[in-house]
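The values are calculated or read from the model by the stated rules, or taken from the named source; none is laboratory data. Here the structure is a predicted model, which is why all the values come from computation and not from measurement. Every residue, glycine as well, gets a Cβ built from its backbone with ideal geometry; the counts of neighbours run over all protein chains shown. Please note that ligands, DNA and RNA were not included when accessible areas were found on the heavy atoms of the full protein model with its side chains. Shrake-Rupley method; radii C 1.70, N 1.55, O 1.52, S 1.80 Å.
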Amino acid sequence: MLILCLDLYCYVVYVGFLSIDCGSSQTTNYTDALGIEWAPDNAIWPEISGWSLTSTVTPPVGDTTGGDKYKTLRYFPSADASTLKQSKFCYTLPATGDAYYLIRATFWYGTSATTTLYDTRVPGSISFRVMVDTYTGTWITIALPQSSPLTEEMYIRAQSGSSSVSVCFSAASEDSDAPFVSALELRPLPSKMTSVAMINDTNTALRTAARDDFGASPDAPPIIR
């Protein structure tokens, strides 16, 4: 984070922060009501439309953040057509080798959708795997319909000599549920953080168990950015 001052005004500049609105209908970056700039994934990777699909969903009740991140999603059917036979679907995020990052993925399937995504393998539930770089990642299981967005976070160290980290979504098989994602966020971590020390001690990624904002007002956002 940098603080840039011009005349009598100072601005906070977040260096290396990246917020991606997956499946957005936007064509350029936009700033939401929380002051976070979002980039639509199809503007960064135009080719993504060749191996994925998008859907419009109903935002969560009471959401006031603005933008598209809870209004659209991108999903990855593995067997809808001969050109969609992949088993793993990845976003490549810019990074610096041996640097530390927080990766945040948000999943909002909505209380209704204009797709056949609700035809899931297990009625009332959708499951798939999320992988970050060389780490195994975790299974995501969401009860449908959702009542609130699901957020998964991982603290990682980028591979030495690499210029990126990968966030991938995978179904168990071609007949399994289609993975989806609503938003992806990349946040650089200061080297003095406790989580960074734990990554070095364990030589593995860390998954957030819980995040709390003590003393916050009842209407404060659930995620601190």
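For the pair VAL61 and VAL122, a Förster radius of 25 Å applied to the C-beta separation gives a FRET efficiency near 0.50, rounded to the nearest 0.05. Extending 7 Å from the Cα toward the beta-carbon at both THR134 and SER217 defines two label points whose distance is 4.7 nm. Computed from the C-beta positions of THR111 and THR208 and an R0 of 25 Å, the FRET efficiency is 0.50 to the nearest 0.05. Ordered by solvent-accessible area of protein heavy atoms (1.4 Å probe), largest first, the residues PHE180, PHE17 come out as PHE17, PHE180.
Computed over neighbours whose Cβ is under 13 Å from that of PHE169, the net charge equals 0, Lys and Arg +1, Asp and Glu -1. Just to confirm my numbers, what's the Cα centroid distance between the range 154-202 and the range 21-63 in Å? Here the two parts' Cα centres lie 20 Å apart. Would you mind checking which residues have amide H under 5 Å from GLY110's amide H? H placed 1.01 Å from N; only 5 or more apart, or other chain. Here GLN146 satisfy the definition.
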